[in-house]
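The values are calculated or read from the model by the stated rules, or taken from the named source; none is laboratory data. A quick note: this is a predicted structure, and the numbers were derived from the prediction, not measured. Cβ placement follows ideal geometry from the backbone for every residue including glycine, while neighbour counts extend to all protein chains displayed. Just so you know, the surface numbers come from the protein's heavy atoms only, side chains and all, with ligands and any DNA or RNA stripped out. Shrake-Rupley method; radii C 1.70, N 1.55, O 1.52, S 1.80 Å.
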Amino acid sequence: MIDVLLDALLDSLKALPFIFIIYVLMEVLETVRNREKIEKALRGSYAPVIASFTGIVPECGFSVMCAKLFDKGLIKVGTLVSAFLATSDEGLIILISNGVKFKDILIIVLIKIVYAILIGGIINIALKKFNIEHECSNHGECIECGEESKGFLHNYVLHPLFHSLKIFIYLLVINIIFGSLIYFITEERFFEFINQNYYVQPIFSSIIGLIPNCASSIIISESYIKGALSLGGLISGLSTNAGMGIIIIFRNKKNWKRGLAILLAMFVSGIIVGYLSMLMLG
């Protein structure tokens, strides 16, 4: 159980620099020239492409960054979903370090990137057609939402650090909770279940992937390495696994329905890509 606490602390610390950087960047965005052009680019047609390619980078830092950008109304729902679907947390690191064939890793990466771009683009187009826009709802929390400038040290160091530490504590608590859950489930039970239920692997793997903790991506990857999980099941689990990014979305309690809709979109998308992969790749 001590390992669970240490892992939770380590995972939360990994996300802290990314959160701090995002807060600093948002402060900078408030003062730079051509701010409107930058915001337009973040919400543009090619945003899901950029989000997918950044999301594929191992670790969950970029998904956390995208979640914060979304929380501030700077990127669209589809762009966020693209980043989340492309993310694999520590999954790719586990696969590479255990000698999985480069060809297989390349297939996984390409499927996740192409699929993430496709789903994110479809969502953005659909929401635009129905005239549904996401705006920042955290008025007063930061300069871009109405707080007055108080100088360089406050704006670019103290203010971002204060909000980053608040989120760090929140992430730590959630990581301890979900880490404990995975600890009691045990890998052995997971291996046994998926071995006996081949055709529901994408569904079950997608559920495990939704758990916002690095342990879930590790379990999914190790299951594939040990032959207990199919490639389709692996892709499903790593597609729904957005690391701690999903925690940021649910931090805003007023918009819990929005968070639930994003979670559902991730879950359904993960299942679909898993079964498609099973049909195409066996």
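Odds and ends about this structure:
- Against the empirical 2.2 N^0.38 Å (N residues), the chain has a Cα radius of gyration ratio of 1.00.
- Rolled with a 1.4 Å probe across the full set of protein chains, the surface gives LYS257 an accessible area near 140 Å².
- The modelled label-to-label distance between MET280 and LEU118, using points 7 Å beyond Cα along the C-beta direction, is 0.6 nm.
- Extension gain (nm, one decimal) between ALA41 and ILE125, 0.36 nm per residue minus Cα-Cα: 28.7 nm
- Once the Kirkwood radius over Cα pairs is known for segment 206-282, the Stokes-Einstein relation at 20 °C and 1.002 mPa s delivers a diffusion coefficient of 168 µm²/s.
- Most mobile of MET65, MET244, MET26 in a GNM of the chain (Cα contacts under 10 Å): MET26
- Straight-distance crosslink candidates among lysines, where the alpha carbon sits under 23 Å from LYS128 and sequence neighbours closer than 8 are dropped: LYS37, LYS40, LYS68, LYS72, LYS76, LYS254, LYS257
- Nearest-ten-degree value, helix 61-71 long axis tilted from longest Cα axis of the chain: 50 degrees
- GNM result for the chain, Cα springs below 10 Å: residue of GLY61, GLY259, GLY78 fluctuating most strongly: GLY259
- Taking the protein heavy atoms of segment 154-282 in the context of the full set of protein chains, the accessible area attributed to carbon and sulfur is 73 percent at 1.4 Å.
- Under DSSP loop assignment and at most 12 Cβ neighbours within 10 Å, longest GluC sites (Glu not before Pro)-free interval of the chain: 149-282
- Solvent exposure of segment 183-282 as accessible area per residue, Å², 1.4 Å probe: 44 Å²
- Distance (nanometres) between label positions extended 7 Å along Cα→Cβ at VAL28 and TYR170: 2.3 nm
- Computed across segment 203-244, the Kirkwood radius stands at 9.5 Å (inverse of mean 1/r, all Cα pairs).
- Estimated inter-spin distance, PHE184 and VAL109, nm [label 7 Å along Cα→Cβ]: 3.9 nm
- Of the residues PHE102, PHE130, PHE191, the one that moves most in a GNM of the chain with alpha-carbon contacts below 10 Å is PHE130.
- Loop-resident sites, segment 43-79, for chymotrypsin sites (Phe, Trp or Tyr not before Pro), counting at most 15 other Cβ within 10 Å (DSSP): TYR46
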